[in-house]
1. Would you pick out the residues in the stretch C:439-456 that are within 26 Å of A:Met160 (Cα to Cα) and touching a residue at least 24 places away in the same chain (Cβ under 8 Å)?
2. Among the residues of the stretch C:196-221, write down those that are within 13 Å of another protein chain (Cβ to nearest Cβ) and either surrounded by fewer than 23 Cβ atoms within 10 Å (Cβ to Cβ) or not aliphatic (A, V, I, L, M) (or both).
3. Picking from C:Phe475, C:Phe471, which residue would you name as being under 24 Å from the mean Cα position of the chain (by Cα), surrounded by fewer than 17 Cβ atoms within 10 Å (Cβ to Cβ) and within 11 Å of chain A (Cβ to nearest Cβ)?
4. Just to be sure before I move on: is B:Ala52 modelled with pLDDT under 90 and assigned to a helix (DSSP H, G or I) in the structure I sent?
5. Restricting the stretch B:13-33 to residues that are touching a residue at least 60 places away in the same chain (Cβ under 8 Å) and assigned to a helix (DSSP H, G or I), which is nearest to the other protein chains (Cβ to nearest Cβ)?
6. Which count do you get for residues in the stretch C:253-305 that are more than 23 Å from C:Asn79 (Cβ to Cβ) and among the β-branched types (Val, Ile, Thr)?
7. Could you tell me whether the stretch A:69-80 includes any residue that is among the charged types (D, E, K, R), within 30 Å of A:Ile183 (Cβ to Cβ), touching a strand residue (DSSP E or B) at 6+ places or on another chain (Cβ under 8 Å) and touching a residue at least 40 places away in the same chain (Cβ under 8 Å)?
8. Consider C:Ala436 carefully, then state whether it is part of a helix (DSSP H, G or I) and more than 22 Å from the chain's Cα centre (by Cα).
Amino acid sequence: MSPDTLLLAAVFLPLASGPLIAITGASPNLRETVTVIAGVITFGFVLCISNLVNDGVQPAVTLMELVPGLSLQLKVEPLGMIFSLIASGLWIATSIYSVGYMRGHGESNQTRYYFFFAVAITAALGVAYAGNLLTLFVFYEVLTLSTYPLVTHERTEEAMRGGRVYMGILISTSVAFLLWAVIWTYHLAGTLDFVDGGILAGRADVPTLTFLLALFAFGTGKAALMPFHRWLPAAMVAPTPVSALLHAVAVVKAGVFSVMKIAVYVFGIDTLNSMGLSQWLQYVAGGTILISSLIAMTKDNLKARLAYSTVSQLSYIVLGAALANELGVLGGSLHIVTHAFGKITLFFCAGAIIVGAHKTEISDMRGLGRRMPFTFGAFLLGSLSIIGLPPFAGAWSKWYLLLAALDADQLILVGVLLVSSLLNIAYLLPVAVTGFFAPPEGEEGGLKEAPVACVLPLCFTAASCIILFFYLDPFLALARRIGG
Amino acid sequence: MIEIDVGLINYWVVIFLMMTGFYIVMASRNLIKKMVGLSLFQSSVFIMYITAGKVLGGTAPILTKPGTDYSNPLPHVLILTAIVVGIATTGMGMALIIRINEAYGTVEENEIRSQDAAE
Amino acid sequence: MIDQHLPILLIVVPLMAAPLCILLRRRELSLILAVVVCWACLSMAARLLQRTLSEGVISYHLGGWPPPWGIEYRVDPVNAFVLLLVAFIGAIVILYAPCSVNAELPEIRTSLFYTAYLLCFTGLMGMTVTGDAFNVFVFLEISSLSTYALIGMGKDRRALTASYRYLVMGTVGATFFVIGLGLMYMKTGTLNMADLARLLPQEMHTRTILAAFAFITVGLSLKLALFPLHVWLPNAYAYAPSIVTAFIAATATKVSVYVFLRFYFTIFGADFAFNNLHIDMFLVPLGLAGIFVASLVAVFQSNIKRMLAYSSVAQVGYMMVGVGLFSVTGLTATLIHLFNHAVMKGALFLAVGCFTLRLGGCELADLRGAGRRMPVTTTAFIFGGLSLIGVPLTVGFVSKWYLVLAALERGWWPVAVLVLLGSLIAVAYIWRVVEAAYFQKPDNEREISEAPLSMLIPTWLLIGATLYFGFTASFTGGVAQRGAEILMGIGS
C-alpha cells in the first residue's frame, strides 16, 4: 500500500467496521470479533505509518473541498503520530475489556455501543492526523457527537442529564470560541495549514493574539481547562470502558492534543515565547492542576475522583504547551502517552470493581483488594505511574515538565508541579490502601475477580506503565521531532 | 407645514383611501370587515396607478392624427392585472371566511381566539 | 429549439399542467402529471444554470418584443441558482405526496392539492425568472394565492385562521410592493429591471424614489418574514398539511429573499442602499434580533412544526445579516444559506410529516420514544437538526462559516459572536426533540411501524443533499460566490 492509502485506511477502517458491527449485531461473538479484528488491523496500519514517519516520509491526503479554498486534509506529523499510536493501540485493549464489562454488567444495546465506539475512534484518528485547522475542527466535532450516544448509553434520567452537560459544554465552547478562533485565524493568516513555526507570526498585535489563544484554549473544551471542565465528571455516567478509553485517552487527549498542536503549528513556539502570549495560560493550567486535585480528594465515588484527577492531569499537558519551550512540548507530549496508560489502567480497575464487586464508592471497598488482588495491584501500579514515581512511565513526563518550568524560570509552576504530585499521592494511594489493608466488611469471600476479559487488559496496561519507563525511546524520538 | 398642492389632489385621495383601508384591516375584529378594508386598500393603489398615467385633456391612445395628447395606457393594463389579482384575493379570503364560519360558527376574531384558547 | 425557450417553458409547463390536474380528476393521474412536470422543470432548471454559467446572462423576450417594451425573462447565475433550488425542492417534495396527501386530505381535494401545488410552483419560478418588476408582483400573487389555499387545506381548523391571517398580511405586503413599483414607474416610465437600473440613478434622491424604496423594503420584508414582520409565519407553517409546510418553508421565503436581493443590488444599486441610506444599520440589528428572539421562542414550543417555523424566522435573520454585511462574502453566505436552509428545513419538515403520519401528531409528547419506534425517521430528523445547529459536514456549517468570515472581514466581530451564540440556541431546541425521542417512554404501547418508503425516500434524499453539500460545498459555494460577485457588480 502506498503511504497515502495507508493513512486513509488507518483513519477510515474503524468507521468502515461500523456497518459490519451493525450487521453482525445479532451474534454478539461475531460482532465483538469484528471489533477486535478492526482494532488490531487499525493498529497495524498505524504502526506501519509510524515506521514510515521514522523513515522521514510524511503521508498526506487531501480528501475533499469542504468550502472553496479549504479542504479536508490528512497529514501525518510526529505529534499526531504519538496520539494516534496511543488511541489505536488502547482501542484493542478497550475492545477486549468491553467484551468482559458489557456482558458482565448486562448492558443492553451493545451493538449501538460498539458501532459508535468505532465511529469515535475514526474521529480521534482524524483529529490526530488533521492536516489543517479546519480538518481538526471537523473531526473534533464528530468526536463530540459520536461519543454522546456512548455517554448516555444507559438512557436513564441521570444519563440524560449527564449527556446534557456533556453536549452543552463541549458544543458551546467549540462553536462559540473554537469556531470563532478558527475563522478568525483564517481571516488573519489566509490559510489554516499546520506549518512548522506557525502561521500567525506577525499577522496581528499582541492583544489580538493573546485573545485568540484564549479562544483556542477555552474553545477546546475537551482539554477541560477550568472553568469548562464540568463535562468530564458529568460524562462518568457512561459505561466504564467509555470512560476508560474516551475520557482518559481519546476524547480528552484530543482536546489537549489540539491545544498542543495549535500552540506548535498555528502560533509557533517561538512566537508564543517571544511575544509572551501564553503566560496567563500557564497560571490557568497551574490553577486547574491544583484545584481539581483538591476536588478529587473530596470525592468518594471512584470514577468521579478519577475524573477530577484527569482534569488535573490534562492541565499538565496544557501547561507543557503554555510554557512554550522545547522541553515543555516534549514533556507535554510524553504526558499524553504516560498519562494515557496510567489513567486507562485506573478506569479499567474501577470498571472491574463495578463488575466484580458492584462497588462504586471508595469507602465501600475496604478489604476488597484481598478478593481482587489483580485489580487492586494494577490500580496501585497505575496510581504510582500517575504520581510520577520511578520506575513508572509517569516519571519521565513529569521530569521533563519540571525541567521545562525551570527552563522558563517559573519557580511558582515548579512548586505547583511538586505540590500536585503530593496531592496525587493523597487521593490515589488511599484507594489501593483501603483495598488491601482496611479490614473487610462482613464475611471474607474467596478470590472473586471480574471476568478474564476485564482483568487481562488491565494487567496489560499496568505492566505497560512499567515497561514504558524503560522503553520510552520510540515516543521520545517522535516527541523530539515535533515542530521541525 | 406641508403645502397642499391642488394639482396633486388625486394623491391625497389615494392616501386617504389607503389609510382608511389599512386602518380597517388593522382595527376591525370582524373578518369580513377586514376583507372590506383590504379591498379598499388595494383599490387605492389602482387609483394611484391610473391617475399617474392620466394626461389632462388626453384621450385614449387611438391615434388619428400625429401630435394628439393621449393618456399612458400601460398603467391601465397593469391595473387590469392587479384588479384580477385583487378579486382573486377577495374571493380567496371570502372562501376562507365561509370555512372559518363553518368550523367556528363565528367570524369575529375575538371569539375565534377564545375558542382556540379553550382547546 | 427547446433549449432556447427554456426560461418560458419553466413557467408554461407547470402553469398548463395545473388546470389539467383538476380535469384529470383521478388522483393517481394528477399525481403522475405533477411528478412528471416537476422533474421536467428540474432538468430544465439544471440546464439553464449550466448554460448561464458558461454563456453568461440569458435574456428571453416574451412574444419576441424586445425590452424594455416587452416583458423580458432574464437568467443569470443568481436566479438560475434559485430556480434550480425551487425546482429541486419541488421535485423531491412531490415524491412525498402520495402517502402524505392521501393521509391528510380528503379524497376530493387531492386533485385540487396538485393544482395548487403546481400553481405555487409556477409562481415561485416566475418570481425568480422574470426580469420585469411588475411581473414579479403577478407571480408573487400567483404563488401567494395558491399558498393560502394550500395552507387552508390543513386538518386542524386553526389552519383556516392561519391561512386567513397570512392572506391579510401577505396582501398588505404585496400591495406595499406594488405601491413601490408604481412610484418607480412614475419617475422612470419603465418596469424592466435592467432599464430601471439604468434610469434610477438620475432620480435617486427624489422623495418618490425614497418612498418607493421604503415601500418595497417593507413589502418584501413581510413576504420573507423578516423579524418583526414574521407573525404570519409560525401558525401558517404549523397548521398547514405536512407536505405543504415542507414545500413553502423550503422555497417561499427563499424566493422572496432573492427578489429582495435583486431589488436592492440590481435595481436600486448597492451604493444607494448601503452607502447613502446605510440600510445595513437596519438589516443587521433586525436580523440578529430575529435570530435571538425567534430561536428563544422556538425553545419553548411544544409543537415541533411550530418550533421549526420559529427556527425558519431565525434562519431568515441569518440571511439578512449576510445581506447587511454588504460584501461578496456576506452575500455568498446569504445565497448559500438560501440553498442550504431550503434543503435542511425541507428535510426536517418532511421528517416531521413522517412522525405526524405514524404517531398521530407532532407535539413533543407524541415523539416520546420515537427513536425506538421510528429509527429511520428519527435519524433523518437528527441529521437535519445537526445541520440547523451548524455541525461540520452538514450544510449548516458551510453557511455559518461564510457568515462569520464575512462579519470578521467587515471587522464586526460582535456580529460574528452573536451569530455563533444564536446557533447555540438551536442546540437547545433540537436537543429537546432528541431527548424526547430517545430518553422518554411513549405514553401508549401501540405498535408503531416506520413511515412508508415513499415518504422516507424523499426525506432521505434531502438529508443526503444536506450531507453531500456539507461534505463538499465546491458547487454551491462556487455558484453562490459567482452570484454574489454579480450582485456586487464585480465580474460578469
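1. Pass one, the stretch C:439-456, residues within 26 Å of A:Met160 (Cα to Cα): C:439-450.
Hits for the stretch C:439-456 are C:Gln440, C:Lys441, C:Pro442, C:Asp443, C:Ile448, C:Ser449, C:Glu450.
2. Applying the first criterion (within 13 Å of another protein chain (Cβ to nearest Cβ)) to the stretch C:196-221 yields C:207-208, C:211-212, C:215, C:218-219.
The answer is C:Arg207, C:Thr208, C:Ala211, C:Phe215, C:Val218, C:Gly219.
3. Working: C:Phe471 fails: surrounded by fewer than 17 Cβ atoms within 10 Å (Cβ to Cβ).
Only one candidate qualifies: C:Phe475.
4. yes
5. First, pick out the residues of the stretch B:13-33 that are touching a residue at least 60 places away in the same chain (Cβ under 8 Å): B:29-32.
With the extra rule that they be assigned to a helix (DSSP H, G or I), the set shrinks to B:31-32.
Values: B:Leu31: 7, B:Ile32: 11 Å.
It comes out as B:Leu31.
6. So the count comes out to 6.
7. Looking only at the stretch A:69-80, we keep the residues that are among the charged types (D, E, K, R), and these are A:75, A:77.
From what is left, the residues that are within 30 Å of A:Ile183 (Cβ to Cβ) are A:75, A:77.
Now narrow it down to the ones that are touching a strand residue (DSSP E or B) at 6+ places or on another chain (Cβ under 8 Å): A:75.
So of that shortlist, the ones also touching a residue at least 40 places away in the same chain (Cβ under 8 Å) come out as A:75.
Yes, the stretch A:69-80 contains a residue that is among the charged types (D, E, K, R), within 30 Å of A:Ile183 (Cβ to Cβ), touching a strand residue (DSSP E or B) at 6+ places or on another chain (Cβ under 8 Å) and touching a residue at least 40 places away in the same chain (Cβ under 8 Å).
8. On the way: part of a helix (DSSP H, G or I): yes; more than 22 Å from the chain's Cα centre (by Cα): yes.
For C:Ala436, the condition - part of a helix (DSSP H, G or I) and more than 22 Å from the chain's Cα centre (by Cα) - is met.
The values are calculated or read from the model by the stated rules, or taken from the named source; none is laboratory data. Remember, predicted model here, so these are calculated numbers, not experimental data. Every residue, glycine among them, receives a Cβ derived from its backbone with ideal geometry; neighbour counts consider all protein chains shown.
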